Amino acid sequence: MKTNQITFKVAKLDDSAAKATGIAVASDGAVAKEVGMTRDQLVALGFEGKLGQTLALPNSQKQLTIVVGIGESAKANADSLRNAAAALARASAKVASLSTTLATAGRGDRVAIAQAVTEGLILATHRYDALKNDKKATSKLTSVTLVAPGATNAAITNGAKRGETIADAVCLARDLANMPPAHLTAKMIAERAQKIGAETGVKVEVFNKDQLLAMGCGGIIGVNRGSVNPPRMVKISYRPSASRGVAKSSAKKTATKIKAPHLILVGKGVMYDSGGISLKPSNSDHAMMKADMSGAAAVLATMSTLKALGCKNQVTAYMMCTDNLPSGSAMAMGDVLTMRNGKTVEIHNTDAEGRLVLADGLSLAVEQKPDAIVDIATLTGACARALGPQMSGVMGNNQRFVDQVVAAAAATDEQTWQLPLERKYRTMIDSYIADMKNVGGGDAGAITAALFLDEFTSGTPWAHIDIAGPMWSDADAGWLQRGATAYGTRLLVNLAENFKRR
Ligand code: BES
Ligand code: MN
Ligand code: ZN
């Protein structure tokens, strides 16, 4: 599944006729001779090799040599090189072809570095421009050669392939989240998922409104009541190929296979969140509520990579898709919903809809008896207020699993911060008429939302990632582009690949 505009090549020698050559320069140590300048000359031009700094130098072949800063050489790792690559892509936006030595720079695992460089190049180039007639702001870059001399070639080739698969998925998730509400309804994202599943080798099953009613999914049905667009639940299944299974006992003739660890992803897919009867004010910021399905988009994007990456774990996903709109049939305050697991919820604010659709997704996930469940959701403004746009909040009922999520976030530079799942606050969502209400008080909004979700996990190891902060970027910056960020896609891919039972 290719969603990016760049064709990648890995070459031992830079014999490309690329219009621009990007050369890594640290803030210390020697300057590569290909630059054709001394450090003093570069410094005199204002280039110090700071991370993400670039300087384009025209050369005699009417090409550009672009020096790209990677910061202190001892600290140049996959994260910094992802950022340097993004800066290089931005500096090369007006040229069609680029060659670069960036994948050979820095320290650490060469596969991881080449992957990060490829991600940075693609993510800083990608732009949702389907609705723009004028595409002059779109990068012209369509061809990149990663120069990989000698022994690094195999690792860089492998890393570039991984990076492209993963960055393609991020671009997909960004596109889906950036699409206006009328361009992407629940039905349409389900159809898209079927197509993507067929292309990427994962099984996709779609459940419509009648089926969700029959299944007792009162949360997603309740949220959908105000809309003329029916809901969809999309279940996606990936199993590692049998040959990868681990033989339990070679001593026995009929070796029994140990089942691969099973992880379930649940994504909030609120196609547009108007707040429902608890209508959000007409603040133009709320256009971003078209991206209230960013969790579901990240989940779909993640699933699209697993076969290509050869993921060894079993992974299942539930995308819970509906919009949240007011109308004469919409759910009202005081209404009580009966959820998939039988628990009852009194509605105190129809704008706290994400937890209602997730509750059914979590219940369905628990029924599969997986080893762990992770949900991802643009859930609370409170989490965005607390942690800002640079990190998600993570909470869970099992510290060892939360630690795996935190490790995946650290490895992908999609930052997260753990908040406490403080059970003393459970009383904040007590209802006098039902098992719970769907909002707490004004305080600890991210935590009371997580405590609500916990009611549907039945003790299965579970982590909740609240991405209300990092789901959106106000500016092009590093490998982020303005608009929907698809935050969580790379984190979830890493988690799916590295997930360990217990
Ligand atoms: N989708 C919103 C949360 C959100 C806000 C995501 C800003 C991204 C950016 C969610 O459905 C919502 O409306 N939450 C309410 C909950 C409240 C009513 C308890 C909120 O955060 O205000
Ligand atoms: Mn809402
Ligand atoms: Zn919402």
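The values are calculated or read from the model by the stated rules, or taken from the named source; none is laboratory data. All figures in this text were calculated on a predicted structure; none of them were measured in a lab. A quick note on method: Cβ atoms are made from the backbone with ideal geometry, for glycine too, and the neighbour counts reach across all protein chains shown. With ligands, DNA and RNA removed, areas are computed over all heavy atoms of the protein, side chains included. Shrake-Rupley method; radii C 1.70, N 1.55, O 1.52, S 1.80 Å.
Structure summary
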| read-out | value |
| --- | --- |
| Restricting segment 382-400 to residues that are in contact with a helix residue (DSSP H, G or I) (Cβ under 7 Å, 6 or more places away or on another chain) and over 29 Å from Arg501 (Cα atoms), the residue that is nearest to ligand 3 (Cβ to nearest atom) | Ala382 |
| Any hit, segment 461-469, residues being open to solvent by less than 40 Å² (accessible area, probe 1.4 Å), within 29 Å of Val170 (Cβ to Cβ) and assigned to a helix (DSSP H, G or I) | no |
| Options Met288, Met271; residue that is under 30 Å from Met333 (Cα atoms), in a helix (DSSP H, G or I), modelled with pLDDT of 95 or more and within 13 Å of ligand 3 (Cβ to nearest atom) | Met288 |
| Given (1) at negative phi; (2) out of contact with any Cys (no Cβ under 7 Å at 6 or more places or on another chain); (3) open to solvent by 30 Å² or more (accessible area, probe 1.4 Å), number of the condition Thr448 does not satisfy | (3) |
| Residue that is nearest to Met333 (Cα to Cα), among those in segment 192-242 that are of a type in the set (S, T, N, Q) and modelled with pLDDT of 95 or more | Asn224 |
| Among (1) in a strand (DSSP E or B); (2) open to solvent by 20 Å² or more (accessible area, probe 1.4 Å) - the single one Val144 does not satisfy | (2) |
| Residues within segment 303-328 that are free of Cβ contacts under 8 Å to residues at least 24 places away in the same chain and charged (D, E, K, R), tallied | 0 |
| Residue pairs meeting the criteria (Cβ under 6 Å; at least 6 apart or on separate chains; first among the aliphatic types (A, V, I, L, M), in segment 272-290; second near ligand 1 (Cβ under 9 Å from one of its atoms)) | Ile277/Thr350; Met288/Trp472; Met289/Asp273 |
| Filtered residue count, segment 486-495, keeping only those that are assigned to a loop (DSSP other than H, G, I, E, B) and either open to solvent by 10 Å² or more (accessible area, probe 1.4 Å) or not assigned by TED's automatic domain parsing to the domain that holds Ala377 (or both) | 1 |
| Pairs where the first residue, in segment 432-455, is in the same structural domain as Leu358 (by TED's automatic domain parsing) and in a strand (DSSP E or B) and the second is open to solvent by 30 Å² or more (accessible area, probe 1.4 Å) and within 11 Å of ligand 1 (Cβ to nearest atom), C-beta under 7 Å, 6+ apart | Lys437/His348 |
| Those residues of segment 315-364 which are under 19 Å from the mean Cα position of the chain (by Cα) and either at pLDDT below 95 or surrounded by fewer than 24 Cβ atoms within 10 Å (Cβ to Cβ) (or both), in sequence order | Thr316 |
| From the options Pro420, Pro470, Pro461, residue that is at pLDDT 95 or above, assigned by TED's automatic domain parsing to the domain that holds Gly295 and farther than 22 Å from Arg385 by Cα | Pro461 |
